[in-house]
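What follows is one structure encoded as structure tokens, with my remarks underneath.
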Amino acid sequence: MNALLHLTHDCNLRCPYCFTGKKFDREMTSDTAKRTAEFVVDYAKQHGQRAVFSFFGGEPMMAWDRLREVVLHAEAVAREQGVVALFRMNTNGMLIKEEHLRFFEEHDLIFILSIDGNEAMHDAERLTEGGKGSHHVLAEKLPRFLEHNPGMMVSVVITPTNVRHAADGLAYLFDQGIRYLIIKPDVTQAWSRDDVAELERQYERVADDYLERTRKGDELYLNLLDDKWINHAKGAEGISIRCDVGSSQISISPSGNIYPCVRWVKEDEATVPKLGDVWQGLLPEPMAKIRAESAAPKQPCGDCSYNDGRCANECACEHYSATGRIDTPAPALCEHERVMVPIADRVGNTLWRERNPVFMQKLYPHVSKLIQIRVNPDDGATP
Amino acid sequence: MTTKKKLPLAGTPTPASAQKELAVTPVAAGSRPEFPTRGELYRKASLLGGATLLAGSLAHADAPAKPVPPPPPQKQAMPKQPPAETPTNPELLAAGSIDGKPLDKVAPKFKVYREGGGIGPAEDMWNEEEVEAFINWTMAREGKLAIQTKYKLELDGTSLELDGFDPDKNVGYQYVDKLDYEAKQAFDKAVQKKLEKWQKDKKVAILFISIARNPDAATIKGKVIKFLNGVKKAPPQLGKLPSPPPPATAPAPTPAPMPAQNAPAKPVKK
């Protein structure tokens, strides 16, 4: 059970692309927080799963006391029930201080940082309430964050507004020592044909940069490339990156209502499909409905040659947000993938032809070990 | 729940119907990866070029579809290595062994990698067996131990299956992976106390390894060396313990078997 917890609707930033609805100061109560922890652990226990608590937006650090309370209570309940509890957080990082990092260390809470590249790219979208850029705050904190977790994952949103800075922006992040990047295009914005052409130019540069860094031996993860390769390498039956909405993922709002995923929560006014609440539990009927819709083939992707795991058309809540249906992707997403899949194939093919050790290790870990033995028999490494 | 203030809406999505310049257009014949799926590679090792030279499961792979490229020249010029020592060489075994076989020259590696993504961070993954292989090697090499894996220890009315144990020297270890709940139960606090007492009483010395974060080779090696230094100062005096019955099937010779596609790995947080 991966429970995405929205502890507050409030946020200290006003990013125009934010999909989590209005920002207002409504925080989960202590009672609801405790009940939420118990509900998630109980569910995990019943289904033989791990209880994963992912704190999500509004900005979770604005509800720090509540977050702390949930972690401590969830740990205690999980210990009693014999369930493994894991903690995650998506954060803009602005409010994280040393004391928080200590807590994360102690409780193994991993956070994923939202930072949109370099200053030009980041400040094009990620503004404070007063309309000022926020990059300089993060630039100062970044080295400490990476010291805290060298494998820190970063989330970047690409929009028509910041796309022209994308290649430089992502290179900046790699240069800072970030190795794991999740790039999400905002497919709910009005991309023009020119924007898509610019996207392609930028992605070609990103891909070339990634290629060069990989040739130098850097072990990077860029979802735009790696996910497509891994899904292809694993084959259709083994695709690991799927949407788990309605199956093992839920979103819990400050009121304790349960929604299928993060984009459904919005202002939490029960105007969107609800799957239950933490007091009564999950309602079987809407759960079954959303599960069936999520598992249904995407329309009209059936005949598309990229619909073999390489196209990132799996995100139900993204589709819902753009088209109102979870089985119908947004035009902007399709355009994005038609740009990205050939680029990913080009880079993957190049690395394969070169038998690049990093690439081989990622895609074929056990075979890779054997190749190294063959090539360098005197290193003594037998499998 | 309290509502103190209401701030403006941050963003407004553009519905797909308003994305006039764009379209969902299935691609009839787009680009294709040249690199194989894992299944294809395992089934047809010739895809690697010359990989059919390898022993183990790849040795049974299909014949190459086309001539394989020659190995790089500098590798051809390399002097031949002396044949590997046989497991019966007592000198070699004295330097440490695992299940009666001498140690490889270098420690086996385990890899922590990431999979997944989307809303949450991708998961750190590793293979617990690979971690145990590393500990077996490190214990055997650093302590000159004859490690027997999956050793059933019966002592003072307690029955335990240890990941590795040398019944001649009464030294071994148990690794409990963070998410291995069964092992956590089997080696709970009471059992851990028992292990400590046995060591204090110089009966057996068993290193209990449980790492809160991702396993890493340096940390594990440090723990092993520290433990073995302690054992050297106060070695167990119990005498030889009875050997467990031999396993039903002899362990396969080199190399390690190729795992099935998508062999289960442990997703663990950092």
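A short reminder: the numbers here are calculations on the coordinates, not readings from a lab. The structure displayed is predicted, hence computed values, not measured ones. No Cβ is skipped: glycine too gets one built from the backbone with ideal geometry, and neighbour counts run over all protein chains shown.
When you count the other C-beta atoms within 10 angstrom of each residue and take the mean per peptide, A:136-146, A:336-346, A:175-185 line up highest first as A:336-346, A:175-185, A:136-146. Exposure proxy shown here: for A:Glu204, A:Glu335, the number of other Cβ atoms within 10 Å sets the order, fewest to most, as A:Glu204, A:Glu335.
For the stretch A:75-127, which trypsin sites (Lys or Arg not before Pro) pass both filters: DSSP loop (anything but H, G, I, E, B) and at most 16 other C-beta atoms within 10 Å? Show your work: numbers first, answer last.
Working: sites: A:Arg79, A:Arg88, A:Lys97, A:Arg102, A:Arg126; in loops: A:Lys97, A:Arg126.
Sites meeting the loop and neighbour criteria: A:Lys97.
Show me the trypsin sites (Lys or Arg not before Pro) within the stretch B:134-209 that DSSP assigns to loop and that have at most 14 other Cβ atoms within 10 Å of their Cβ.
Numbers: sites: B:Arg141, B:Lys144, B:Lys150, B:Lys152, B:Lys169, B:Lys178, B:Lys184, B:Lys189, B:Lys193, B:Lys194, B:Lys197, B:Lys200, B:Lys202, B:Lys203; in loops: B:Lys144, B:Lys169, B:Lys178, B:Lys202, B:Lys203.
Passing both the DSSP loop test and the Cβ count: B:Lys202.
Explain nothing, just the number: dipole magnitude of chain A about its Cα centre with +1 on each Lys and Arg Cβ and -1 on each Asp and Glu Cβ, in debye rounded to the nearest 20. Can you show the working numbers first?
Numbers: 45 positive and 57 negative charges, 122 e Å.
The calculated dipole for chain A is roughly 580 debye.
Please compute the contact order of chain A in relative form: average sequence separation of alpha-carbon pairs under 8 Å and at least six residues apart, divided by the residue count, as a percent. Could the numbers behind the result be given before it?
On the way: 652 pairs, mean separation 62.5, N = 383.
After rounding, I find 16 percent.
If you take the Cα centroid of the stretch A:283-360 and the Cα centroid of the stretch B:143-168, the two points sit 50 Å apart. Within the set B:Lys111/B:Lys223; A:Lys34/A:Lys266; A:Lys23/A:Lys184; A:Lys45/B:Lys221; B:Lys109/B:Lys226; A:Lys34/B:Lys111, which residue pairs have Cα atoms separated by over 29 Å? Where the Cα-Cα span goes over 29 Å, the pairs concerned are A:Lys45/B:Lys221; A:Lys34/B:Lys111. Compute the Cα gyration tensor for chain A, then decide on rounded, prolate or oblate, letting a ≥ b ≥ c be the square roots of its eigenvalues: rounded whenever a/c is under 1.5, prolate when a/b is larger than b/c in the other cases, and oblate in all that remain. Rounded.
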